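Engineer: A single structure is presented below for examination.
The values are calculated or read from the model by the stated rules, or taken from the named source; none is laboratory data. Worth saying up front: this structure is predicted, and the values here are computed from it rather than measured. Here Cβ is always computed from backbone atoms with ideal geometry, including for glycine, and neighbour counts include all displayed protein chains. Note: areas computed on protein heavy atoms with side chains; ligands, DNA, RNA excluded. Shrake-Rupley method; radii C 1.70, N 1.55, O 1.52, S 1.80 Å.
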Amino acid sequence: MSEILIVDDDRSLLDSFERLLIEEGYTVRTASSGEAAIAAVADRAPDLVIMDVRLPGISGMEAFAKIREADARLPVIIMTAFGTTETAIEATKQGAFDYILKPFDIPEMLELITQALEAGRVMRSRVRMNAVPGSFEADALIGKSEAMQAVYKAIGRVAATDATVLVRGESGTGKELVARALYQHSSRAQKPFLVINCVAIPETLLESELFGYEKGAFTGAAGRRVGKIEQANGGTVFLDEIGDMPLPVQAKILRLLQERSIERLGGYSPVPVDVRIIAATNRNLERAIEAEMFRDDLYYRLKVVTIELPPLRERKGDIPLLCDYFLAMYAHEMKMDNPGISREAVRLFDVYDWPGNVRELGNIIKKALIFSRGYPIRPEAVSQALSSGGKPHAADTVPDGPPDMAAAVRQWVHETLSAGSHPDMFNFMMDHFGGIIIGEALQMTDGNRSRAAKLLGLTRPTLQSKIEKYRLSLETRVKEQDGPPLT
Ligand SMILES: Nc1ncnc2c1ncn2[C@@H]1O[C@H](COP(=O)(O)OP(=O)(O)OP(=O)(O)O)[C@@H](O)[C@H]1O
Ligand SMILES: [Mg+2]
């Protein structure tokens, strides 16, 4: 359970905020001065600090600096009232995770907390290399094959050098794990590590996310904003999916690599920064260069140190080990005993091509485990899981699905939002997806509601009420005979 330290001298805010966070399932400690906050962090590091910058005694900035000194990887969210935003911006420049204006919007605060905790986890949860399965820990690189041994060696060789590293490999081969291992074995391991997913951030926002902007840089830029790269100063930035980075942003990254400085949007002078860049892509960059989608000068700069991750089909010998690993992990996660898997079942994996690589294998094991109902996994369960694809739940694959699906969803969201406002727009859109999910489950089970409920992990009455709720979208769907409205 994540522990959050709230720092504010306003007793009533502390109380209500504490109650809210406890209700959300967090453990909470509070402090009402900078001195108390520093002492609390020294006593036992929380997973996140949320602090006001205006405090009695030593200033919030001073307290923040001390907390930072103690642990640069501890995420800190700054709360600020109107009039102290300059201080808050200064704090983000010194590495605060983000700031939020008081009085804050609760859902926005909760979302920021989720993001900050995840950012902290990624830094502090160590990726183990060449791990022995059996324990249930997540974040391990499993595999004894020659290809994986070469990967471990490469990580060991380059981690400490501060060199820019390019991690290449198909989707689901473990690029993100490798990036984190590189960071954790580097001399910057005690400093921040920030992940920027170039695909997840809309193209129009990526540049300002990365480099920040000055007041008035564009319409809507009401104040200064510090970019992620500046925020990570002294640490490491992981540019995930760099092959999808727009050309103008590529130019700025090249400049960062060459000159060790950045320019904020609308800024006049370069800001020196000291960050190590780790980049990853599943794209064929050589082809992207031919198509004039990727700068060749950036490519040559990045590729000096490349770590290539093998696709799973080229290291099938590792499959039994990976099976053991995922079985132990998911059984633990689902609070069931590890039922094991029959040898015949594992053999089925040998004749499969694994387009989704290790991620797909993990998903298949998870699914087969659900089908197994506590008995050792039989070949039938594996064929069933294989034939329905390595995607365990719609909910798992929406954010993490193939890029064309994410693009289709984004396009739909964009068009719907552009068409105008709706008093309950968010829920209207979510209902649309709920309708698609339930419609698909019903179609797969020929309308059998008990089986559909089972597939979806819902009770029958819950499914029933959802069918009623989504009737509208189901009807729209039936009308559109040619398939789901998304594509
Ligand atoms: N060698 C491995 N051992 C154990 N788990 C692994 C390994 N490689 C990948 N995984 C698991 O597979 C999933 C996908 O890994 P990761 O996100 O690092 O892949 P990726 O290469 O970044 O994929 P994508 O290109 O789709 O982003 C994660 O859950 C990760 O823990
Ligand atoms: Mg990835």
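Engineer: Within the range 191-210, identify whether any single residue is more than 21 Å from the chain's Cα centre (by Cα) and assigned to a loop (DSSP other than H, G, I, E, B), and answer yes or no. Lay out the reasoning, then the answer.
Structural biologist: Step one: of the range 191-210, the residues more than 21 Å from the chain's Cα centre (by Cα) are none.
There is no residue in the range 191-210 that is more than 21 Å from the chain's Cα centre (by Cα) and assigned to a loop (DSSP other than H, G, I, E, B).
Engineer: How many residues does the range 148-178 hold that are more than 8 Å from ligand 1 (Cβ to nearest atom), in contact (Cβ under 8 Å) with a residue 60 or more places away in the chain and not β-branched (Val, Ile, Thr)?
Structural biologist: The qualifying residues number 5.
Engineer: Please specify each residue of the range 240-264 satisfying the condition of being away from ligand 1 (no atom under 16 Å from the Cβ) and open to solvent by 40 Å² or more (accessible area, probe 1.4 Å).
Structural biologist: Within the range 240-264, Leu247, Pro248, Lys252, Arg255, Gln258, Glu259, Arg260, Glu263 meet the criteria.
Engineer: Those residues that are away from ligand 2 (no atom under 14 Å from the Cβ) and closer than 17 Å to Arg276 by Cβ, I need them from the range 151-181; list them, please.
Structural biologist: Selection gives Ala154, Ile155, Gly156, Arg157, Val158, Ala159, Ala160, Thr161, Asp162, Ala163, Thr164, Val165.
Table: residues versus (1) over 24 Å from the mean Cα position of the chain (by Cα); (2) farther than 27 Å from Ser187 by Cβ.
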{"site": "Phe64", "(1), (2)": "yes, no"}
{"site": "Arg68", "(1), (2)": "no, no"}
{"site": "Phe82", "(1), (2)": "yes, yes"}
{"site": "Thr85", "(1), (2)": "yes, yes"}
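Engineer: On to the next question. Considering Ala36, Ala88, Ala42, which residue is open to solvent by less than 20 Å² (accessible area, probe 1.4 Å), part of a helix (DSSP H, G or I) and either assigned by TED's automatic domain parsing to the domain that holds Asp10 or closer than 15 Å to Leu117 by Cα (or both)?
Structural biologist: Values: Ala36 fails: open to solvent by less than 20 Å² (accessible area, probe 1.4 Å); Ala42 fails: open to solvent by less than 20 Å² (accessible area, probe 1.4 Å).
Criteria check complete, one pass: Ala88.
Engineer: When Val237 is evaluated against the numbered criteria (1) open to solvent by 20 Å² or more (accessible area, probe 1.4 Å); (2) under 14 Å from Cys198 (Cβ atoms), which criterion, by number, is the only one it fails?
Structural biologist: (1)
Engineer: Can you find even one residue in the range 177-184 that is small (Gly, Ala, Ser) and either farther than 18 Å from Gly120 by Cβ or not in a helix (DSSP H, G or I) (or both)?
Structural biologist: No, because not a single residue in the range 177-184 is small (Gly, Ala, Ser) and either farther than 18 Å from Gly120 by Cβ or not in a helix (DSSP H, G or I) (or both).
Engineer: Ok, one more. Please go through the range 344-358 and pick out each residue that is within 12 Å of Ile319 (Cβ to Cβ) and among the charged types (D, E, K, R).
Structural biologist: Within the range 344-358, Arg347, Asp350 qualify.
Residue by residue, here is whether (1) open to solvent by 10 Å² or more (accessible area, probe 1.4 Å); (2) in contact with a Ser or Thr (Cβ under 9 Å, 6 or more places away or on another chain); (3) of a type in the set (Asp, Glu) holds:
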position: Ala150; (1), (2), (3): yes, no, no
position: Arg157; (1), (2), (3): yes, no, no
position: Ala160; (1), (2), (3): yes, yes, no
position: Ala163; (1), (2), (3): yes, no, no
position: His185; (1), (2), (3): yes, no, no
position: Gln190; (1), (2), (3): yes, no, no
position: Leu194; (1), (2), (3): yes, yes, no
position: Glu207; (1), (2), (3): yes, no, yes
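Engineer: Something else now. Could you list, ordered by first residue, the pairs with Cβ atoms under 7 Å in which the first is in the range 298-314 and within 11 Å of Thr173 (Cβ to Cβ) and the second is in a loop (DSSP other than H, G, I, E, B) and of a type in the set (Asp, Glu), at least 6 apart or interchain?
Structural biologist: Pro311/Glu170; Arg313/Asp353
Engineer: Does the range 277-289 contain any residue that is surrounded by 21 or more Cβ atoms within 10 Å (Cβ to Cβ), touching a Ser or Thr at 6+ places or on another chain (Cβ under 7 Å) and either more than 20 Å from Gly174 (Cα to Cα) or without any contact (Cβ under 8 Å) to a residue 24 or more places away in the chain (or both)?
Structural biologist: no
Engineer: Could you give me the residue pairs with C-beta distances under 9 Å whose first residue belongs to the range 28-51 and is among the hydroxyl-bearing types (Ser, Thr, Tyr), whose second residue is assigned to a helix (DSSP H, G or I) and buried (at least 22 other Cβ atoms within 10 Å of the Cβ) wherever it lies, and which are 6+ apart or on separate chains?
Structural biologist: Ser33/Ala63
Engineer: If Ala63 satisfies all but one of (1) outside any helix (DSSP H, G or I); (2) closer than 19 Å to Phe17 by Cβ, what's the number of the condition it fails?
Structural biologist: For Ala63, the exception is condition (1).
Engineer: Tell me whether the range 311-322 contains one or more residues that are within 16 Å of ligand 2 (Cβ to nearest atom), in contact with a helix residue (DSSP H, G or I) (Cβ under 9 Å, 6 or more places away or on another chain) and open to solvent by less than 60 Å² (accessible area, probe 1.4 Å).
Structural biologist: yes
Engineer: Next question. Here are some conditions: (1) within 16 Å of ligand 2 (Cβ to nearest atom); (2) at pLDDT 95 or above; (3) open to solvent by 10 Å² or more (accessible area, probe 1.4 Å). Ala138 meets all but one. Which one does it not meet?
Structural biologist: For Ala138, the failing item is (2).
Engineer: Any residue that is of a type in the set (Ser, Thr, Tyr), at pLDDT 75 or above and open to solvent by less than 60 Å² (accessible area, probe 1.4 Å) - is there at least one of those in the range 449-461? Lay out the reasoning, then the answer.
Structural biologist: Step one: list which residues in the range 449-461 are of a type in the set (Ser, Thr, Tyr), which gives 450, 459.
Then drop every residue that is not at pLDDT 75 or above, which leaves 450, 459.
Within this subset, residues satisfying the condition of being open to solvent by less than 60 Å² (accessible area, probe 1.4 Å) are none.
For the range 449-461, residues of a type in the set (Ser, Thr, Tyr), at pLDDT 75 or above and open to solvent by less than 60 Å² (accessible area, probe 1.4 Å): absent.
Engineer: Return the residue satisfying two criteria in turn: it lies in the range 237-274 and is part of a strand (DSSP E or B) and under 26 Å from Glu286 (Cβ atoms), and of such residues it is farthest from ligand 2 (Cβ to nearest atom).
Structural biologist: Checking each candidate, the answer is Val237.
Engineer: Anything in the range 1-16 that is surrounded by 22 or more Cβ atoms within 10 Å (Cβ to Cβ) and in a loop (DSSP other than H, G, I, E, B)? List them, or say none.
Structural biologist: Scanning the range 1-16 gives a single hit, Asp8.
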